[in-house]
Amino acid sequence: DSKLRHVEKDILIPQIMRERAKERCSDQVRAFTKCCQDTGVLMVVKCRQENTALKDCLVGYYTDPLFYEECRVEYLRQRAEYRATGIKKKRR
């Protein structure tokens, strides 16, 4: 069964997309985090370059239809596994 409910399309699949995009943009996440920790209060001004690089990387994944499809297939696999076993993925 590959039909998706509204909550699955609008919340659960984008949640998987965010998690995977953060993993794939880990270098930019790390650079932005380090800049913010080193700068403190002035991070809004001094970390613009790192923030822009991070946003560009994440938005690139969020707007990619192939990446959405990959995450949708992953969600359907997890849902089928849950329906078969009754065990959520994170509990294993």
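What to note about this one:
- The set of residues in segment 37-92 being farther than 27 Å from K9 by Cα and of a type in the set (S, T, N, Q) consists of Q37, T39, Q49, N51, T52.
Conditions tested, residue by residue: (1) open to solvent by 80 Å² or more (accessible area, probe 1.4 Å); (2) without any contact (Cβ under 8 Å) to a residue 40 or more places away in the chain; (3) farther than 29 Å from R72 by Cα; (4) out of contact with any His (no Cβ under 8 Å at 6 or more places or on another chain).
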| site | (1), (2), (3), (4) |
| --- | --- |
| K9 | yes, yes, no, yes |
| I13 | no, no, no, yes |
| I16 | no, no, no, yes |
| E23 | yes, yes, no, yes |
| D27 | yes, yes, no, yes |
| C36 | no, yes, yes, yes |
| V45 | yes, yes, yes, yes |
| E50 | no, yes, yes, yes |
| L54 | no, yes, no, yes |
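- R79 open to solvent by less than 70 Å² (accessible area, probe 1.4 Å), more than 13 Å from the chain's Cα centre (by Cα) and basic (K, R): yes
- P65, sole failed condition from (1) open to solvent by less than 70 Å² (accessible area, probe 1.4 Å); (2) under 16 Å from I16 (Cβ atoms): (1)
- If you go through segment 36-62 and pick out every residue that is in a helix (DSSP H, G or I) and more than 12 Å from A21 (Cβ to Cβ), you end up with 17.
The values are calculated or read from the model by the stated rules, or taken from the named source; none is laboratory data. In this text, all values refer to a predicted model and were calculated from it rather than measured experimentally. Heads up, the Cβs are rebuilt from the backbone with ideal geometry, glycines too, and the neighbour counts pull from every protein chain shown. Only protein heavy atoms, including side chains, enter the accessible area calculation; ligands, DNA and RNA are left aside. Shrake-Rupley method; radii C 1.70, N 1.55, O 1.52, S 1.80 Å.
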